[in-house]
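Just so it is clear, none of the values below were taken in a lab; they were calculated from the coordinates. Owing to the predicted nature of the structure, the values given are computational and were not obtained by experimental measurement. Glycine gets a Cβ as well: all are built from the backbone with ideal geometry, and neighbour counts include every protein chain shown.
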Amino acid sequence: MFFRKMTEKEKKSSEKATKVGFVFYMIALSVSSAYSFFIESGFNISFLILMVGLIVFFTSDFIFNKITG
């Protein structure tokens, strides 16, 4: 099979990498959105992607916490 069962150490490492990736994209899109907003004087697709991503993240986090807790 292509995927194998992950060990606890691999799960924790994967979770940390996911968090680092999320923070990177959030910062990169924030900087891009701010630059475009102040230089081009308007909203752009980067801002929309940032807001939708944050809404999806916090909504799914809330749902997963309700299901498991």
By residue number, the members of region 1-14 that are assigned to a helix (DSSP H, G or I) and surrounded by 10 or more Cβ atoms within 10 Å (Cβ to Cβ) are Glu10, Lys11, Lys12, Ser13, Ser14
Here the residues within region 26-39 that are surrounded by 13 or more Cβ atoms within 10 Å (Cβ to Cβ) and either basic (Lys, Arg) or within 15 Å of Phe57 (Cβ to Cβ) (or both) are Met26, Leu29, Ser30
Within region 36-69, the residues that are in contact (Cβ under 8 Å) with a residue 12 or more places away in the chain, of a type outside the set (Val, Ile, Thr) and either touching a Lys or Arg at 6+ places or on another chain (Cβ under 9 Å) or under 21 Å from Val20 (Cβ atoms) (or both) are Ser46, Leu50, Gly53, Leu54, Phe57
